[in-house]
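Report on the following structure.
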Amino acid sequence: MSEIILEGVLFVALVAAVGTLLYLVVLYFTPVGVRLRQTRNRRRIDRAADLVCPIHGPRAASDLVRLTSGETLCPDCYKEIAHG
Ligand SMILES: [Zn+2]
């Protein structure tokens, strides 16, 4: 009985290892991987740019104010807009 369970566990581990290997090969040795990395780079830079207020400078993500429209705003800009 324990051999069957062990065989099942080893088969699942083999499938996971082969899947991981395929994923890494696709990610690092194909044009698809380059495209995915370029997309990740764009998102990372966009996220970093969203944290910089053009007037008040860089802000921490936890300090930003989320508007009802879903956009985020620098807390100082929000104070100026909402309370004058
Ligand atoms: Zn601001």
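The table that follows gives values for the structure above.
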| quantity | calculated |
| --- | --- |
| Qualifying residue in region 61-78 (condition: at pLDDT below 95, aliphatic (A, V, I, L, M) and within 19 Å of the chain's Cα centre (by Cα)) | yes |
| Residue within region 61-83 that is in contact (Cβ under 8 Å) with a residue 12 or more places away in the chain and in contact with an Asp or Glu (Cβ under 7 Å, 6 or more places away or on another chain) present | yes |
| Filtered residue count, region 6-44, keeping only those that are among the β-branched types (Val, Ile, Thr) and open to solvent by 100 Å² or more (accessible area, probe 1.4 Å) | 0 |
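The values are calculated or read from the model by the stated rules, or taken from the named source; none is laboratory data. Everything numeric here is computed off the predicted structure, so don't read it as measured data. Glycine gets a Cβ as well: all are built from the backbone with ideal geometry, and neighbour counts include every protein chain shown. When the accessible area is computed, the model is the full protein with side chains, heavy atoms only, and any ligands, DNA or RNA have been set aside. Shrake-Rupley method; radii C 1.70, N 1.55, O 1.52, S 1.80 Å.
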